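What follows is one structure encoded as structure tokens, with my remarks underneath.
The values are calculated or read from the model by the stated rules, or taken from the named source; none is laboratory data. The model shown is predicted, which means the values in this text are computed figures rather than measured ones. Using ideal geometry, Cβ is built from the backbone for each residue, glycine included, and neighbour counts are taken over all protein chains shown. In case anyone asks, the SASA skips ligands and DNA or RNA and just uses the protein heavy atoms, side chains included. Shrake-Rupley method; radii C 1.70, N 1.55, O 1.52, S 1.80 Å.
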Amino acid sequence: MKNRLRELRTAREWSQADLAEQTGVSRQTVNAIETERYDPSLPLAFKLARLFKLPIEEIFEPEK
Amino acid sequence: MNKPNLPETVQPGKHYSFRADMKLNIWAIVAVLLAVVSRIVLDRHQDWSTPLRAAVALSPLLPSLLYVRSVARWIRGMDELQRRIQLEACLFAMIGTAFITTALSMLEGVGGIHISRLQHGLGWEGTFASVMLLYILGNLIVNRRFK
């Protein structure tokens, strides 16, 4: 699944560790999501959406 | 936000934490020590009654169960990606060990291969070593996928 997580994170000048701490996951998880090697669970996707104050579909986009 | 359990806190390296390591592994250490002690005791007291010998022989099982409980709790405290990595590595270790055990018993059935130490399966030491080695290998393989 494609996502804009890196773009959104860097726009806020957060490190991966900062984002990991705010969402209660490891830095490796944040990195794996950003590099699109791992698709987050629905609860984590909602947590990220709430954090960035955006609807989920503006962060994640299924591959066509 | 609660910090998730991280595997690097129980592995050698700069993030290693003795406290986290002991919280996870103390029951495994107790189980191994009890297994060694029970073997020595059973060798020295062959005159003991069968129920007593059985109780001594099975004594490492209780700390082993407690170890399984601490591993389950540790995995439950991880974040979703780490949990997935650890569960896949555990599955790899379990299936691998079952595969090795089955292969050994098949080879024994053929009769061509005769390894005296393995005539009755891997034993607890062999099973433990196989699970641990395959778990480490599985961890490396699964981790590479998400690096």
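What the phi angles of the stretch A:23-39 give under the Karplus curve with 6.51, -1.76 and 1.60, with θ = phi - 60°, is a coupling list of 9, x, 10, 7, 5, 4, 5, 4, 4, 5, 6, 4, 8, 6, 8, 9, 9 Hz, glycine and proline written as x.
Sorted largest first, the spans of the alpha carbon positions of the protein assembly as shown along the three principal axes are 75, 41, 29 Å. Against chain B, whose longest principal axis comes from its Cα atoms, helix B:123-146 is set at around 20 degrees. Restricting chain A to GluC sites (Glu not before Pro) that sit in a DSSP loop and have at most 16 other Cβ atoms within 10 Å of their own Cβ leaves A:Glu13, A:Glu36, A:Glu63. For the stretch B:5-51, the list of trypsin sites (Lys or Arg not before Pro) that fall in a loop by DSSP and count at most 13 other C-beta atoms within 10 angstrom reads B:Lys14.
Rolling a 1.4 Å probe over the protein heavy atoms of chain A, with every protein chain left in place, gives an accessible area that is 50 percent carbon and sulfur. Working from label points 7 Å from Cα in the Cα-to-Cβ sense, the B:Leu33 to A:Ala11 distance is 5.6 nm. Looking at chain B, the pairs of alpha carbons with a distance over 21 Å make up 57% of the total. Coupling constants for the stretch B:92-99 follow from the phi torsions by the Karplus curve (6.51 cos²θ - 1.76 cosθ + 1.60, θ = phi - 60°), and in residue order they are 4, 5, 5, 5, x, 5, 4, 5 Hz; glycine and proline get x. Restricting to DSSP loop positions (anything but H, G, I, E, B) with no more than 16 other Cβ atoms inside 10 Å of their own Cβ, which chymotrypsin sites (Phe, Trp or Tyr not before Pro) remain in the stretch B:5-44? In loop regions of the stretch B:5-44 (DSSP not H, G, I, E or B), the sparsely surrounded chymotrypsin sites (Phe, Trp or Tyr not before Pro) are B:Tyr16.
For chain B, the solvent-accessible area with a 1.4 angstrom probe is 69 square angstrom per residue.
Taking all Cα-Cα distances within the stretch A:2-54, those exceeding 17 Å account for 22%.
Here the accessible area is traced with a 1.4 Å probe on the protein chains. For the stretch B:1-78, carbon and sulfur cover 64 percent of it. Under the convention that each Lys and Arg Cβ holds +1 and each Asp and Glu Cβ holds -1, the size of the dipole of the protein assembly as shown around its Cα centre is about 360 debye. Solvent-accessible area per residue in chain A equals 59 Å², computed with a 1.4 angstrom probe and all protein chains kept. Take the accessible area of A alone and of B alone, subtract that of the pair with a 1.4 Å probe, and the total buried over both chains is about 1200 Å².
Given a Förster distance of 25 Å, report the FRET efficiency between B:Tyr16 and B:Arg145 from their Cβ-Cβ distance, rounded to the nearest 0.05. FRET efficiency, B:Tyr16 to B:Arg145: 0.55. Segment B:Glu88..B:Leu137, full-extension length gain: 16.5 nm, with 0.36 nm per residue of separation and the alpha-carbon distance subtracted.
Taking the longest Cα principal axis of chain B as reference, the axis of helix B:18-44 is set at about 0 degrees.
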